[in-house]
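Bear in mind these aren't lab numbers, they're just calculated from the coordinates by the rules spelled out. Keep in mind the model is a prediction, meaning the values are calculated, not measured. Cβ sites come from the backbone with ideal geometry, for glycine too, and all protein chains shown count toward neighbours.
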Amino acid sequence: MARELTHRPATAAGEKAVMVAWEKFLSGGGMPQDAVRRMVEDSWRRCLEQGVSPVRVAAPLAVDDDGLHALQNRHQDLIEAAKPVMAQAREFLAESGTMMILTDPRGVILWVEGDPGAKFNGQDVRLIPGALWNEAVSGTNAIGTALASGQPVQICAAEHFCEGIKNWTCSASVIRDPYDGVILGALDISGLSGSHNTHCLALAVAGAGRIEARLVTSEMEKRARLLDVTLTEAKRWGDNGLVIFDRRGRLVRANEGAGLFFDSLGLDLSSCNDLGATALGPTTQPSPSVLPDWVKSDWFQPIIDHEERLGTVLAIPLSRQWKPTQAEAPPVTETGTGEDHFSQIIGNSPAMKKAKSRARQLARLHLPVLLLGPTGAGKEVFARALHHEGHDSSGPFVPLNCGSMTRDLLASELFGYVEGAFTGARRGGMAGKFESADGGTLFLDEIGEMPLELQAHFLRVLEEGEVYRLGENKPRKVRVRVIAATNRDLRAEVAAGNFRMDLFYRLAVTVLHLPSLAEHPEDIPQLVQHFIDLTARSHGVLAKPPSAQVLSALQGYSWPGNVRELRNVVEGLTLLAEGMTLTLDDLPPEIFSSPVPPPLRSDTQKTLLSKVPSGRLADNERSAIIGAIEAERGNLTRAAARLGIAKSTLYEKMKRYHIDRDSVGRAVPGV
């Protein structure tokens, strides 16, 4: 926050100087130098240009009682997010003799909370629900000027443009949509100048931030319900191509059939962004006149749950002409001959077959793909297969780990830089990974580690297909398919304010979940043999077969490091074993002596989760972690396997939630 925004005339002399400046400004005599802040002067000039009456004594009413009720219904999400925040500030407001005000993006007051005396006095200037405090109508004031500038604003007494409001002081901060940054309204704290203090601006800014955080949580919950309801009723749409929009018409998810349909028309699925807004009516189909020729109005169906509109489904009936022909469909084999890159991924268990089948569908679509799964589950292996089976397989495959670099280094690696952009910049500049991957695929591992300030630039490249090198104003066109991967819960990261909601939903249009190794232990013997052969070829040693006891022990271990950990263990066994076969004596002690039961299956997981109380996401996660540690009597390896996360992730979360293992469950020695 700029220092200028927190300054306020603190003395009678200061107030008098501002009044003198105001009178000279209105008389056309010019503005005395440094008499008022630049932000106030700019606002006064806007008011004069827009014909605001300086003798106005109160704000006008924008709506009557019926109109106010309708307006409050329209902004119900904002009001529901703000009410708890405003209620929690009630004690401070009462002590300071001030009131907290919530407005819509036009500046119409929606809700008021605060000191009864301040609310009573506010009626004189119409600081009441339904009044319009837009700067173009009510002159310079914190609400209107914050909405006009998009910045936190404090307007002190004489700084108001209208004469009748000059005995008030107010502080306001805008509230933005967490998805796209659009201003949803403003949060203001107002009081007569003797009661308002310098802390009010900080409280307004903090309150607006808390409201935005509550909006994030609410939006995530509604989208999760939308997907749950849609998937539950999947049979309702049969084999149709499905595109799911949220309640604001924004693209959420699309299936393979929809992607193929758009490919057949030569359109990118991103063109659906314009369709969602046409289907916002609660029960009726959009008018055919507003739709493209290839879309029928009856293809749109509202998704309603418990009388609440969650979103819309565009169900595209796929006739034979839209289905992929044998020539279009990628060859599907399990022979590992090279005709299908997914068949070369080892694993024939149901979990792996499901993941590979889903990946084959996604490979055909030129859309971002979000790979979700624990560390070491093979996300880069799947990313390379997606690239080789996609339309841009002849282009480059460029990997980059976002979690292994500082913010500045990651920015230069992603976007590149021009010569002289910073100290130490390479002569002639450097192309970034986006440019290097032009015409191919950019694989970003650990996308959840990307610093928040870089995410906006990354999203702009995704949306516009243009990249700006650091230190350069000229955009460079790129055509890149992005595959992102993470082992983090990005929904929780969004709710915590660590990941942008708009970027999450841009990446999560197509999602591929990869199983942990503990979820498909039946593939371990095949993986073991593969890694033995690979190590033998790479190091020129004998490929020693494992005994049945070794395979049984390996299948009984939880593998918190997943396939990567298995590979490291098998490489060590192959290189260090002295006998002609691999025996139990060759195994690392933690594997042989500490077998861990497999992770909970879906039905058991549901039972465990059903015991977690509803409430804040962080509280539920903490409860689930404590429950898992208690169930495993303090054994963190087993607890991590039970939760389906890496042991390192479990340590991180225990530290975040201040969970002490010894106080939760009886620790197992050596674990």
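Assuming R0 = 22 Å, can you tell me the calculated FRET efficiency for the pair F120 and R90, based on Cβ-Cβ distance, to the nearest 0.05?
Values: r = 16 Å, r/R0 = 0.72.
Once the sixth-power term is evaluated, E becomes 0.85.
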Would you kindly state how much longer the chain becomes between H513 and E472 on full extension, computed as 0.36 nm times their sequence separation minus their alpha carbon distance, in nm to one decimal? 11.0 nm
Residues of the range 153-177 with backbone nitrogen within less than 14 Å of a virtual label 7 Å along the Cα-to-Cβ line of S193, please, listed as ranges. 155-170
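If you add up the charges near R488, with Lys and Arg at +1 and Asp and Glu at -1, over every other residue whose beta carbon is less than 11 angstrom from its beta carbon, what do you get?
Working: positive: R491, K653; negative: E446, E449, D489, E493, E652.
Computed value for this residue: -3.
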Between V381 and R74, 0.36 nm times their residue separation minus their Cα-Cα distance comes to what? 105.8 nm
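Taking the convex hull of the Cα atoms, report for the range 519-593 its projected area averaged over all directions, in nm². Show your work: numbers first, answer last.
Working: hull surface 17.8 nm².
Result: 4.4 nm².
Which entries of K222/K354; K16/K166; K354/K379; K235/K354 show an alpha-carbon separation above 22 angstrom in the structure shown? Present the calculation step by step, with values, prior to reporting the outcome.
Working: K222/K354 27 Å; K16/K166 12 Å; K354/K379 15 Å; K235/K354 19 Å.
Violating the 22 Å limit, Cα to Cα: K222/K354.
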Shape call for the range 486-543, from the Cα gyration tensor axes a ≥ b ≥ c (a/c under 1.5 means rounded, otherwise prolate when a/b beats b/c, else oblate), comes out prolate
Looking at the square roots a ≥ b ≥ c of the eigenvalues of the Cα gyration tensor of the range 3-214, which shape do they give, rounded for a/c under 1.5, prolate if a/b is larger than b/c, or oblate? prolate
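Just order 18-28, 575-585 by mean Cβ neighbour count inside 10 Å, highest at the front, would you?
Working: 18-28: 15.6, 575-585: 12.8.
Result, highest mean Cβ count within 10 Å first: 18-28, 575-585.
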Any idea how far apart A496 and A224 come out in nm if each label point goes 7 Å out from Cα toward Cβ? 1.5 nm
Pop a pseudo-label 7 angstrom from the Cα along the beta-carbon direction at both V541 and N401 and give the gap in nm to one decimal. 2.3 nm
